[in-house]
Each structure stands twice: as structure tokens, then as C-alpha cells.
Amino acid sequence: MTITDKQVTDALKQVVFFKKQNNIVDLNMVHQVEINEKGIKVSVVFPELADPSVGIVSNSIMKTLKTEFGEDYTIDVKPIAEKDLGKGPLSGVKNIIAVISGKGGVGKSTVAANLAITLSQLGKKVGILDADIMGPSVPIMFGVEGEQPGVIDREGKPYMIPIENYGIKILSLGFFVQPDQALMWRGSMINNAFNQLMTDAEWGDLDYLVIDMPPGTGDIQLTLAQSYNIRGTVLVTTPQKIATADVRRAAMMYRQDKLLIPLLGIVENMAYFIPEDMPDKKYFIFGKGTTDELAGQLDIPVLGRIPIVEKIVESGDGGKPITIDQDSPVTKSFIDIATNVIKQSEILQTVNMN
């Protein structure tokens, strides 16, 4: 029996990708069909390989083709990620960096915002996504509170256009809810909102997409680890033992076999106090040494230390991240952090290529 490409393609129209409510042929998901005497090989493009739909569609393809052409044929299905073919909304993003913490109140959002600014100042194209769904603060920090992203239509589907300020592309759920609106969402709703911010947006070409993650080890952390190609995570802690204990738990989550994501290093926030009238003085009011101890246990570097400076809070509340001020002592700390993030990212990229 001679099988043609058209016969295979026609048969594959029976296979539906339920997420998009259409068959895989009309959705242009069939990348390649190879036919030989012993079997058929089909390469299929998916938005994300970690999606459970990959297994469902692959099994449906095998069942359909065996029903059409007989059990004697070997059916080989090769799933391909859109990004690997230069397709999809995140295809232009070279590095996704997640900024995480084990608990709230350690300055994670401040670190994420100023890391994004500093990476941009070092010549990188940068975006920031505020994934702290229950407490979005990035719009305030970037002075874009109350604004709304634009929308562009691409192939019949609307995509959000990130707001830009200080050279950074910005998206946050805070753009879509009222300041006094309480979000009482279950996990599935939170995940859907996060996925929309990630994939229903026109991010374009970016060297770095910085994600300000919610604190802890919840639904979004799992979704990020299982569904996206993350270059690495930046841990944020303060010097207290209780903070480093919490961030250790968050770090170990990403070292589980099924959630393996590289840890780029630790940022120690509120490392010491610098009086404004005595810039050469350092007071370690929260102690010191615990962050270095944790870094040693995890075998990762300390990316940098950020002092306690009153203007950090003032600048964040005022919509102007402190690293905009080149004369601030904090800016030097963030330059060290951003430089180390770039270095660690390049090392990991080289390792992955080999």
C-alpha cells in the first residue's frame, strides 16, 4: 500500500487541539510528514512541550493513523516547541529570569524592578512581567499606574502590547484591576491570568524578560517551572535567619527532579544601613553571614548586596526606580548584580548548547 502526504494530512484533520478548538492541520501545527515503507513520522508544533495536551494530541495522532493505514505501520510523533522554530509570542526572548523569595517583605519587587533597569542600562533589551497576581506593585514602581496596554490583532487573535517606560516593556495584572479591587481567585484562575501575561503579549525581541514572582512556592511557581523555558532564578533574601530559611525552601523547590531550574545566585537585600550624612559608614543591623552560609549550602554565588537607603522606598513609591539615579550608592550594587546575572546566564547558555 502506497501512502501519500495528502492522505496523511487528510487523516490528521481528525485530530483536534482542544485548547484552540480546531484540528492540527488547519492550525498549522503539522510541521513535517515523513513516509517510508515501515511507517510514518509526524513532527507537530506546540506552544509549550510541558503542556499535558502534547501527550493527548500525540496519542490521538498515533491512534488515528493506525486506524487509517493499519496496525502494521510504525507511527512516530515528534513534538516541537514553537520557540525552537522561532515561532510563538516568547520566541524573541533570549533569557527569562525569575526573581523569587521565600516570604514577602524582603524587597523582591524592588530587586526585580531595579535589575530590569540596570540590565537596560548595560545595553540589553529588557521586559518585566509582574506575576505577583495578588499584590502587583510594578506599575507603581515604574510610574505607569492606571495605564492600560494596547492590543494588536495577529492571525485573528488579540495580543497585548506592553507599556514602556525607562526603556523597559512592562506588563502586570495591576493594569487590569482597580486599586481597591480584591482578587479572590482560585489557583486555576491565577494560572490562566499568568499564562495570558506570558503568551498573549507582543514581547518582541528581548535579551531579558524579568519576572517578579509572588512569594512562596505556589501555583505560579509550578506553572513557570513546568511550562516555560527559564534561564534561571534570582533568589532574594535579607540577612535574618528566618528569611534565609524561607528562601532555602523556595530554592529547593526548583531543584526537584521534575522542576529543575538553575539558580543563578542570591541577592542580599537590606544588607546594611548607610546613614545619608555618613555614606562611608555601614551598620549591619540585621546581622551578617547567613546569606553567605546559604549560598555555600546551595553552591551558588552571592550576586550582590543592597544597602538600606531611605531613597529606595521613596523612589519606588514615586514611580522612579532608584537605579535611574546614577549617583546613588545603590546603583553600584545593582550594576554588580546585573553584571553577575549576565555572566551566570551566559555560562548556563554555553552549558546548554554543549
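Any residue that is among the polar types (S, T, N, Q), in contact (Cβ under 8 Å) with a residue 24 or more places away in the chain and surrounded by 19 or more Cβ atoms within 10 Å (Cβ to Cβ) - is there at least one of those in region 308-320?
No, region 308-320 has no match at all.
Looking at (1) of a type in the set (Asp, Glu); (2) modelled with pLDDT of 95 or more; (3) more than 27 Å from the chain's Cα centre (by Cα), can you tell me which one Asp336 breaks?
(3)
Look through Ala250, Ala193, Ala182 and report the one residue that is closer than 23 Å to Gly135 by Cα, modelled with pLDDT under 85 and touching a Lys or Arg at 6+ places or on another chain (Cβ under 9 Å).
Going through Ala250, Ala193, Ala182 in turn, the sole match is Ala250.
I'd like to know if region 249-271 contains one or more residues that are within 14 Å of the chain's Cα centre (by Cα) and more than 19 Å from Gly102 (Cβ to Cβ).
Scanning region 249-271, I find no residue that is within 14 Å of the chain's Cα centre (by Cα) and more than 19 Å from Gly102 (Cβ to Cβ), so the answer is no.
From the list Leu115, Leu129, exactly one residue is closer than 16 Å to Leu303 by Cβ and at pLDDT 95 or above. Which is it?
Selected residue: Leu115, the only one of Leu115, Leu129 that is closer than 16 Å to Leu303 by Cβ and at pLDDT 95 or above.
Identify, from the list Gly187, Gly216, the residue that is at negative phi and either at pLDDT 85 or above or of a type outside the set (Phe, Trp, Tyr) (or both).
Within the list Gly187, Gly216, the selection yields Gly187.
On the basis of being surrounded by fewer than 23 Cβ atoms within 10 Å (Cβ to Cβ) and either in the same structural domain as Gln344 (by TED's automatic domain parsing) or over 16 Å from Lys320 (Cα atoms) (or both), does Ile100 make the cut?
No, not satisfied.
Checking Ala50 against (1) hydrophobic (A, V, I, L, M, F, W, C); (2) closer than 27 Å to Thr2 by Cβ; (3) touching a helix residue (DSSP H, G or I) at 6+ places or on another chain (Cβ under 7 Å), which test does it fail?
It is condition (2) that Ala50 fails.
Filter region 295-341 for residues that are part of a helix (DSSP H, G or I) and hydroxyl-bearing (Ser, Thr, Tyr); which is nearest to Gly265 (Cα to Cα)?
Ranking the candidates gives Thr339 first.
If I ask for residues that are buried (at least 18 other Cβ atoms within 10 Å of the Cβ), without any contact (Cβ under 8 Å) to a residue 60 or more places away in the chain and either assigned to a helix (DSSP H, G or I) or among the polar types (S, T, N, Q) (or both), which ones from region 225-243 would you list?
Result: Ala225, single match.
Checking the condition among the small types (Gly, Ala, Ser) and free of Cβ contacts under 8 Å to residues at least 24 places away in the same chain, which residue from Gly107, Gly92, Gly55, Gly102 passes?
Answer to the check: Gly55.
The values are calculated or read from the model by the stated rules, or taken from the named source; none is laboratory data. If you're wondering where the values come from, they're calculated on a predicted model, not measured in any experiment. As a convention, Cβ positions derive from the backbone with ideal geometry for all residues, glycine included, and neighbour counts pool all protein chains shown.
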